[in-house]
Amino acid sequence: MLSAPSPKQNHLLDALLFGEFERLNPNLEHIELPLGKVLYESGGTLTHVYFPTTCIISLLYVMENGASAEIAVVGNESILGISLFMGGDTTPSRAVVQSAGHAYRLKAHFLKEEFGRGGPVQRLLLRYTQALITQMSQTAVCNRHHTVEQQLCCWLLLSIDRLVSDELSMTQELIANMLGVRREGVTEAAGRLQHEGLILYSRGHIKVLDRPNLEKRSCECYQVVKAEFDRLLPAMHGIAT
């Protein structure tokens, strides 16, 4: 049975102290985000930030010829729209819903006002930003030096870490677009993982069956990113002090 929607399903919001959360809560808008929904376009002005609860959002860099590659994933551990409190109102990346679900939306000026107060909220958001930069940096290294299979394993692990289950809906074509590789490479890699019992893939639906071995098959990038999130945002609770 699914629990009722709550801002506290987002770990950053859940980590806020009572006073900070109460200032933001009246202005949080619960929204449903369908698969493929574009929240930001490259160069567009950011009017809102998003706190995902049950959805995953991909940050993509799009080339002039239309080719794209994922630079980070954003889920229930995070916020979408760091440019707003880092000094800019636009972003060079596109933000697209990778896994449908729900989120809470907040108008830009409310977050800017809260960030400008300094204190716990500012420290929490800066810690998250450092963790996100680590993910982006590691993704660049991963795309350059690791196999498609390793990239796929890392991508699956990062995705299910940001969901409440070990299942997600995603076609091989979309995965290939996210990773910036050919669809045939994803098909071969997913086929091997399924043959060995690590995942179950059918009609755009992926279920992780053997997480320990999926982690073993992944490159070191997954552990680097996870360790940095754990270091900077330990269990989320009690760090906004």
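Does Leu214 count as in contact with a Cys (Cβ under 6 Å, 6 or more places away or on another chain) and surrounded by 13 or more Cβ atoms within 10 Å (Cβ to Cβ)? Judged against the criteria, Leu214 is a match.
Restricted to strands (runs of 3 or more DSSP E) entirely inside the stretch 34-131, those with at least 3 residues that are of a type outside the set (Gly, Ala, Ser) and at pLDDT 95 or above are 48-52, 101-107. Please go through the stretch 160-180 and pick out each residue that is in a loop (DSSP other than H, G, I, E, B), free of Cβ contacts under 8 Å to residues at least 60 places away in the same chain and either touching a Leu at 6+ places or on another chain (Cβ under 9 Å) or among the basic types (Lys, Arg) (or both). Listed by number, the list holds a single entry, Asp166. What tally of residues in the stretch 132-162 results from selecting those that are of a type in the set (Val, Ile, Thr), at pLDDT below 90, surrounded by fewer than 18 Cβ atoms within 10 Å (Cβ to Cβ) and under 17 Å from the mean Cα position of the chain (by Cα)? Number of matching residues: 0. Here His195 fulfils each of the conditions (1) free of Cβ contacts under 8 Å to residues at least 12 places away in the same chain; (2) under 27 Å from Arg94 (Cβ atoms) apart from (2).
Residue under question is Leu60, and the condition is that it be more than 11 Å from Ser99 (Cα to Cα), assigned by TED's automatic domain parsing to the domain that holds Leu132 and touching a residue at least 60 places away in the same chain (Cβ under 8 Å); does it hold? Here the answer is yes, as Leu60 does meet what is asked. So, Tyr50, is that one under 21 Å from Met86 (Cβ atoms), over 14 Å from the mean Cα position of the chain (by Cα) and surrounded by 15 or more Cβ atoms within 10 Å (Cβ to Cβ) or not? Against the criterion (under 21 Å from Met86 (Cβ atoms), over 14 Å from the mean Cα position of the chain (by Cα) and surrounded by 15 or more Cβ atoms within 10 Å (Cβ to Cβ)), Tyr50 does not qualify. The number of residues in the stretch 1-32 being in contact (Cβ under 8 Å) with a residue 60 or more places away in the chain, under 22 Å from Leu168 (Cα atoms) and out of contact with any Ser or Thr (no Cβ under 9 Å at 6 or more places or on another chain) comes to 2.
The values are calculated or read from the model by the stated rules, or taken from the named source; none is laboratory data. None of the values given here were measured: they were computed from a predicted structure. Using ideal geometry, Cβ is built from the backbone for each residue, glycine included, and neighbour counts are taken over all protein chains shown.
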